[in-house]
Amino acid sequence: MDTQDARLRSLYEITARTELGIAEQFRSALLVGNTTLMTRMAMINRIEGDKFTVLYCVVPPNTLKEGEEFKLAETYCDITVKTDDVVAISAMATSQYSAHVCYQKFNLESYLGVPIKVSGKLFGTLTFLSPEAHRPEFSENDKDFVRLMGKWVSNTLEQKIADENLRAEKEKLRVLLESLPVGVFLAEAPSGKPTMVNKKAIELLGRGIDPQAGKESYTEIYNFKRENGEPYPMEELPLPITLATGQPSTKSDIVIEGTNGKKIGIRAVSVPIVNPDGTLNSAVVVFEDISKEREIEKMKSEFVSVASHQLRTPLTGIKWFAELMLRGKAGAVSADQKDFLTQIHDSNERMIKLVEDLLNVSRIETGTKFEIKKIPTDMVPMLDSLATDLIGLAEKHKVKIVRAENFPKTIMLSVDADKIRQVFGNLLSNAVKYSHEGGVVTIGLDSSKTDAITFSMSDTGLGIPEKAQSRMFEKFFRAENVQTQETDGTGLGLYIVKAIVEGHGGKIWFESKENVGTTFFVELPTNSPTATK
Ligand code: ADP
């Protein structure tokens, strides 16, 4: 084996010994270099601007040490940097560099150096030096060997720097996650095994990663409850939903019950993390303590409830006395008086309606006294009497209310009659209120399903602007196009209507086009078990 083969082989063996660690690998390679190049000093250096630092070296005792700094201009490496390639000088004294500061200062006769680049940028140099001139002169093989070794040092450093950067990024992320005021819980797909929980998550959950945890056991392990104290069904928790569907999920009604009996209200949002090939990698859930928010919400509802109850009695009094006076029970009323009394009466009616709506909202929100008491009810006379009740409003808006032709004589359904009357009353009065003059409101029916009947209320009115459609069933929401029309309304009607329909196990939806018209659909089950809220 010739020298070149032998030293390449030694170098190769060192590169394979990753268990040594970078520093030891480098020092071993420098030693191979010194021995086979017949030099006395071997170094790997860092160059930053004018600063030259010895990172690793194999040198005779009491000459140099790792970490020692020099000015780049005082080292032969400034020649290598300028040349940007291997520089081999066998005898400095007879070379063009005989006046170099380094030579003047240190008297080093031979030099073999190569630039080291990391990510395409100069990092430093790999150099071999001797106080004696090199005889015979450095050969092409020597230069090739140093070039190759330089390449290996570059690659190794590049990998080391990438690892360090990655570690630094991970550390940044870890600090960020640990200092977040919300809980973060990461679980792998599809098993649901937790892979990371941050400090806040441990605090809220009352425990860290449980080795037994998987999406099938979260409820048990982390003691997730519904507000009424029942266990929260696992398949309804956001994280299992995201793991099963790959879709984000949000829940605001989770309660965690700690071992000390303390209950924490939780809002949780889970999102999928997807692999480059589109498959699900994991799901992350972010959750926060909303106990205080719920407390305030409850206090608000209670306040509305108390205030509405207090308002109801005097308003009923006004209604009662205004009606008595209108009926002449306090003596004859003039035309003007009648007009004013009617206005008092009508304004009072609107206030009573508002108070009733607010009471209903607070009942829905607190879940108290919003019972659905179903009794068999014929829907046909109910709809007829509603149409009659709304004649005044319909005349005011110059709108006609008609029934579709396919209506049977009776439609028996088991419903809470007062509440369903409120539903249709609200939808019909909306259809009239939001119609153009001369419009027609049609009550339709679809009984093609075996287990449900669908009623529809269509109008040819203002319609609902597309951007408002997703917010229709929110409380207090009114679309901009109706607000400019001077129509009365609070935005509470549809919110209550939806709760009533869903309380019956039914569904409500609509189709609408601005300035063309709107159809609301109400599907009620024909024989559902009583749903109560
Ligand atoms: P209100 O009618 O008191 O404003 P609702 O909750 O009943 O409250 O309705 C909420 C909003 O929905 C209305 O303000 C209106 O913007 C829109 N809306 C409801 N029904 C119709 C309809 N038939 N045509 C157009 N817009 C409607």
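The values are calculated or read from the model by the stated rules, or taken from the named source; none is laboratory data. Worth saying up front: this structure is predicted, and the values here are computed from it rather than measured. Every residue, glycine as well, gets a Cβ built from its backbone with ideal geometry; the counts of neighbours run over all protein chains shown. Protein only, heavy atoms only, side chains kept; ligands, DNA and RNA dropped before computing areas. Shrake-Rupley method; radii C 1.70, N 1.55, O 1.52, S 1.80 Å.
Return yes or no: is T442 more than 9 Å from the ligand (Cβ to nearest atom), assigned by TED's automatic domain parsing to the domain that holds K419, surrounded by fewer than 20 Cβ atoms within 10 Å (Cβ to Cβ) and not in a loop (DSSP other than H, G, I, E, B)? Break it down stepwise before answering.
On the way: more than 9 Å from the ligand (Cβ to nearest atom): yes; assigned by TED's automatic domain parsing to the domain that holds K419: yes; surrounded by fewer than 20 Cβ atoms within 10 Å (Cβ to Cβ): yes; not in a loop (DSSP other than H, G, I, E, B): yes.
Spelling it out, T442 is indeed more than 9 Å from the ligand (Cβ to nearest atom), assigned by TED's automatic domain parsing to the domain that holds K419, surrounded by fewer than 20 Cβ atoms within 10 Å (Cβ to Cβ) and not in a loop (DSSP other than H, G, I, E, B).
As for the stretch 495-505, it holds at least one residue that is within 12 Å of the ligand (Cβ to nearest atom) and open to solvent by 20 Å² or more (accessible area, probe 1.4 Å).
For the stretch 464-476, the set of residues classified as at negative phi and either more than 7 Å from the ligand (Cβ to nearest atom) or loosely packed, with under 15 Cβ neighbours inside 10 Å (or both) consists of P465, E466, K467, Q469, S470, R471, F473, E474, K475, listed by residue number. Of all residues in the stretch 464-488, those that are under 21 Å from H397 (Cβ atoms) and either aromatic (F, W, Y) or assigned to a loop (DSSP other than H, G, I, E, B) (or both) total 10.
Checking the condition of a type in the set (G, A, S), within 30 Å of the chain's Cα centre (by Cα) and either part of a strand (DSSP E or B) or near the ligand (Cβ under 7 Å from one of its atoms) (or both), which residue from G491, G461 passes? Even if it seems obvious, please write down each step before you answer.
Details: G461 fails: within 30 Å of the chain's Cα centre (by Cα).
Unique residue meeting the criteria: G491.
Cβ-Cβ distances below 6 Å connect the following pairs, each with a first residue in the stretch 465-482 that is free of Cβ contacts under 8 Å to residues at least 40 places away in the same chain, a second residue that is in a loop (DSSP other than H, G, I, E, B) and more than 8 Å from the ligand (Cβ to nearest atom), and a separation of six or more residues or different chains: A479/P465; N481/P465.
Here's the yes/no breakdown for (1) assigned by TED's automatic domain parsing to the domain that holds F476; (2) in contact with a His (Cβ under 8 Å, 6 or more places away or on another chain); (3) polar (S, T, N, Q); (4) closer than 19 Å to V497 by Cα:
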position: K319; (1), (2), (3), (4): no, yes, no, no
position: E323; (1), (2), (3), (4): no, yes, no, no
position: V333; (1), (2), (3), (4): no, no, no, no
position: L341; (1), (2), (3), (4): no, no, no, no
position: N348; (1), (2), (3), (4): no, no, yes, no
position: P381; (1), (2), (3), (4): yes, no, no, no
position: S385; (1), (2), (3), (4): yes, no, yes, yes
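For first residues located in the stretch 415-438 and more than 18 Å from K373 (Cβ to Cβ), partners that are among the charged types (D, E, K, R) and within 15 Å of the ligand (Cβ to nearest atom) and lie 6+ apart or on another chain with Cβ distances below 6 Å form the pairs A431/D459; S435/D459. Number of residues in the stretch 275-307 that are small (G, A, S), in a loop (DSSP other than H, G, I, E, B) and open to solvent by less than 40 Å² (accessible area, probe 1.4 Å) equals 0.
With respect to the conditions (1) of a type in the set (S, T, N, Q); (2) within 16 Å of the ligand (Cβ to nearest atom); (3) more than 22 Å from E514 (Cβ to Cβ), S435 lacks only one, and its number is (3).
Just to be sure I understand, how many residues within the stretch 394-419 are within 16 Å of the ligand (Cβ to nearest atom), part of a helix (DSSP H, G or I) and out of contact with any helix residue (DSSP H, G or I) (no Cβ under 7 Å at 6 or more places or on another chain)? Adding up the residues that qualify gives 1.
Annotation note: Cβ proximity below 8 Å between a residue of the stretch 238-249 that is open to solvent by 20 Å² or more (accessible area, probe 1.4 Å) and a residue that is aliphatic (A, V, I, L, M) (sequence gap 6+ or interchain) occurs for G246/V274; G246/L280; Q247/I241; P248/V269; P248/V271. For the stretch 89-131, residues that are closer than 22 Å to L31 by Cα, part of a strand (DSSP E or B) and not hydroxyl-bearing (S, T, Y) total 12. Answer yes if at least one residue in the stretch 367-386 is open to solvent by 40 Å² or more (accessible area, probe 1.4 Å) and under 23 Å from L462 (Cα atoms), and no otherwise. No, every residue in the stretch 367-386 fails to be open to solvent by 40 Å² or more (accessible area, probe 1.4 Å) and under 23 Å from L462 (Cα atoms).
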